[in-house]
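This report refers to the structure that appears directly beneath it.
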Amino acid sequence: MLAGCWEQTSHPPLVKPSSGEEWGSRSWCFARNGKLISRTFACGTSGCDGWDTERRYRWRPPYLSLSDIETSPDGTGQTRVWRRCRVEFLTADWMQLRDCEQSKDPWLREPPPRRGRAAAAHE
């Protein structure tokens, strides 16, 4: 059910954003063997930035667990943790994460890449 890539988008505000407010998009690609590839593009009042990360996931319907790093309150130590989210599917291509430390904005499944010349031009 999670196979493939999913995208979540937050749109720019209609008025001038306050400091610390961000918008952009991110995609999660669920690969084999519990590997999650994340691509993020975010904009704020001081410009835009993008980054890729790799992390682990576990899928035990209806729960998705994501590997994460938790920093100690004093900022000196880090611990590996698993964050668990309940996944709700409205359709096969639309999901929302609940009861976790992730955005509640919906995720939409990205269409699979096209094969042939058109796809080769984008690779």
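Return, ordered by residue number, the residues of segment 73-98 whose backbone nitrogen is under 18 Å from a label point located 7 Å along Cα→Cβ of ARG56.
78-85
Using a 7 Å offset from Cα along Cα-Cβ at ALA92, what residues in segment 4-47 end up with backbone N under 18 Å from the label point?
4-7, 30
For segment 49-62, just list the computed ³J(HN,Hα) in residue order, Karplus coefficients 6.51, -1.76 and 1.60, θ = phi - 60°, integers in Hz, with x standing in for Gly and Pro.
In residue order, the calculated couplings are 8, x, 7, 10, 9, 10, 8, 9, 9, 10, 10, 10, x, x Hz.
Using the number of other C-beta atoms within 10 angstrom as an exposure proxy, rank LEU2, LEU97, LEU90, LEU14 with the fewest first.
Listing LEU2, LEU97, LEU90, LEU14 from fewest to most nearby Cβ atoms yields LEU14, LEU90, LEU2, LEU97.
Counting every Cα pair in the chain, what percent are over 17 Å apart?
Values: 4968 of 7503 pairs.
Tail fraction, whole percent: 66.
Over the alpha-carbon set of segment 5-49, divide Rg by the Kirkwood Rh and report the Rg/Rh ratio to two decimals. Before the final figure, lay out the partial values.
Details: Rg = 13.3 Å, Rh = 11.8 Å.
My calculation puts Rg/Rh at 1.13.
Bear in mind that the values in this text are calculations on the coordinates, not laboratory data. Fair warning: this is a prediction, and the values are worked out from it, not measured in the lab. In this analysis, Cβ positions are derived from the backbone assuming ideal geometry, glycine residues included, and neighbour counts consider all displayed protein chains.
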